[in-house]
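Take a look at the structure set out below.
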Amino acid sequence: PTGQYKSGATVTITATFNENINPSPAPKIAISGANTMSAADMTGTADPKVFTYSYTVATGNGNATIALSAGTDASGNVITSAPTSGGTFVVDNTAPTAAISYSPAGPYKSGTLVTITASFTENMSTSPLPKFAISGANTVGATSMDVTGDPKVFTKSFTVDAGNGNATIALSTGTDVAGNVTTSAPTIGAAFVVDNTAPTAAVTYSPTGPYKSGTSVTITATFNENMKDAPVPQIGMSGANIV
């Protein structure tokens, strides 16, 4: 098939010459670069211009380069070493990784709809689709993500559930075009925060009381977690004074 290729893949390499080639000596093929192979005889077909070689991809990463030798045309001219096209193929034995991002940004409370985006380091196959699962403060079984216009980017919408604490993302199933399965742990954005607990505040006064009419008092509320500034917290009073 067309590549990129991972270790163990069987690839049929076809050399289509621009004229008939003598079957003896057979054209030879050699490989250098990300994979290496000494010159080996190719196999003739019913078409005297076409020869093939079945190759099992080895370990390594990067470009592997084809060189031809030995074969001759009817006049005895030796074939040109460098192919006119298809002179290299890509060997890829590295698992893809992904960075996770969230929209909107957290922390999140129950009922919030969050778009989870996985941005992979290389193009991914759409069959099977990459999957994500969530554990910790929320739990979701392995779920297929959705394709986008970018073969490196997949998304899924998720509605936050009850719970408190860190929720952790794990990836699975998805493969790059060579067939390497994605690394489970995201490189960034591996967890988000679920917060379904109402904040509390301690209130202090400056100066300290009791107070008489006309005294200016600064009332300070110190919350137990970060608060949004829109809308700002409000204060009301009842009893001896009303605000």
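The values are calculated or read from the model by the stated rules, or taken from the named source; none is laboratory data. Predicted model, so just to flag it, every value in this text is computed and none were measured. Every residue, glycine as well, gets a Cβ built from its backbone with ideal geometry; the counts of neighbours run over all protein chains shown. The protein model used for the area step is the full one, side chains on, heavy atoms only, and it has no ligands, DNA or RNA in it. Shrake-Rupley method; radii C 1.70, N 1.55, O 1.52, S 1.80 Å.
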### Task
Please list 203-211, 72-80, 116-124 highest first by mean number of surrounding beta-carbon atoms within 10 Å per residue.
116-124, 72-80, 203-211
### Query
Between Ser135 and Thr72, what is the spin-label point distance in nm, taking each point 7 Å from the Cα along the Cα→C-beta axis?
6.6
### Message
Explain nothing, just the number: relative contact order of the chain, from Cα pairs under 8 Å at least 6 residues apart, as a whole percent.
### Response
16
### Task
Put one equal scatterer on each alpha carbon of the stretch 105-215, apply the Debye formula with no solvent term, and list log10 I(q)/I(0) at q = 0.24 1/Å to two decimals.
-1.31
### Task
Past 20 Å, Cα to Cα, is the threshold; run Lys6/Lys28; Lys131/Lys156; Lys109/Lys228; Lys109/Lys131; Lys6/Lys49 against it and keep the listed order.
Lys6/Lys28; Lys109/Lys131; Lys6/Lys49
### Task
Calculate the all-directions average of the projected area of the stretch 6-150's alpha-carbon convex hull, and give it in nm².
12.3
### Query
Karplus couplings for the stretch 124-135 from phi (6.51 cos²θ - 1.76 cosθ + 1.60, θ = phi - 60°), rounded to Hz, Gly and Pro as x?
10, 6, 9, 9, x, 6, x, 10, 10, 9, 10, 10
### Query
aspartates and glutamates near Lys152 by alpha-carbon distance under 19 Å, same-chain residues fewer than 8 away left out - which ones?
Asp92, Glu122, Asp176
### Task
First compute the accessible area of the chain with a 1.4 Å probe, then give the percent of it belonging to carbon and sulfur atoms.
53
### Query
Between Ser85 and Ala170, what is the spin-label point distance in nm, taking each point 7 Å from the Cα along the Cα→C-beta axis?
4.6
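Take the Cβ-Cβ distance between Ala142 and Asn224 as r, set R0 to 30 Å, and report the resulting FRET efficiency rounded to the nearest 0.05.
Working: r = 36 Å, r/R0 = 1.18.
It comes out at approximately 0.25.
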### Overall dimensions of the chain by Cα: Rg and Dmax, Å
32.5, 117
### Summary
The distance between the Cα centres of the stretch 148-175 and the stretch 34-112, in whole Å, is 32
### Query
Where the only charges are on Cβ atoms (+1 Lys, Arg; -1 Asp, Glu), what is the dipole of the stretch 153-240 about its Cα centre, to the nearest 20 debye?
280
### Query
Is the shape of the stretch 18-96 best called rounded, prolate or oblate, per the rule: a/c under 1.5 gives rounded, else a/b larger than b/c gives prolate, else oblate, with a ≥ b ≥ c the square roots of the Cα gyration tensor eigenvalues?
prolate
#### Entry: Heavy-atom accessible area per residue - the chain, 1.4 Å, Å²
57
### Task
Report the full-extension gain for the segment Ile235 to Ser206: residue separation times 0.36 nm, less the Cα-Cα distance, to one decimal in nm.
8.9 nm
